[in-house]
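First comes the structure, then the notes that go with it.
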Amino acid sequence: MELTIENWQTVLGNWYRENLKIEVAKFISKYEKILDLKVPNWEIKKMKTKCGSCTTTTRKILINLELSKKPLECIEYIIVHEVGATS
């Protein structure tokens, strides 16, 4: 497989997504226990203007893929905010 710019962007994007999934799962699990609640559904999505969002009726959390480029403390802050919004 020839490594083109498009291929490289896809490989790098997948790497960011997979690593962010691992960190988000850890933080959600941690704060579900602390806050004594359950997050039924979450996903990582490329968003233009938000770091994260929570739909209160379905309790689904969306996390911006761009957070994968930020320090873990920032990711944790967003997770705490969104998990808290599910209650």
* Structure fact -> In segment 46-78, anything of a type in the set (A, V, I, L, M, F, W, C) and either touching a Gly at 6+ places or on another chain (Cβ under 7 Å) or under 13 Å from Phe27 (Cβ atoms) (or both) is listed as Ile61, Leu62, Ile63, Leu67, Leu72, Cys74, Ile75, Ile78
* Report yes if some residue within segment 36-43 is among the β-branched types (Val, Ile, Thr) and at pLDDT 95 or above; otherwise report no. => no
* Asked: Cβ-Cβ below 8 Å, separation at least six or inter-chain, first residue in segment 37-60 and at positive phi, second exposed (fewer than 11 other Cβ atoms within 10 Å of the Cβ): which pairs?
  -> Arg59/Pro40
* Can you name the residue in segment 37-60 that is in contact with a Pro (Cβ under 9 Å, 6 or more places away or on another chain) and of a type outside the set (S, T, N, Q) and, of all such residues, is surrounded by the most Cβ atoms within 10 Å (Cβ to Cβ)? -> Arg59
* List the pairs whose first member sits in segment 66-87 and is at pLDDT 95 or above, whose second member is of a type in the set (Lys, Arg) and part of a helix (DSSP H, G or I), and whose Cβ atoms are under 8 Å apart, counting only residues at least 6 apart or on separate chains? -> Ser68/Arg17
* Would you point out the residue of segment 69-86, among those that are surrounded by 12 or more Cβ atoms within 10 Å (Cβ to Cβ) and part of a loop (DSSP other than H, G, I, E, B), that is farthest from the chain's Cα centre (by Cα)? => Thr86
* Restricting the search to segment 15-35, which residues are under 15 Å from Lys69 (Cβ atoms) and at pLDDT below 95? -> none
* Can you pull out the residues in segment 9-35 that are within 15 Å of Lys46 (Cα to Cα) and acidic (Asp, Glu)? -> Glu18
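The values are calculated or read from the model by the stated rules, or taken from the named source; none is laboratory data. Computed from a predicted structure; not experimentally measured. No Cβ is skipped: glycine too gets one built from the backbone with ideal geometry, and neighbour counts run over all protein chains shown.
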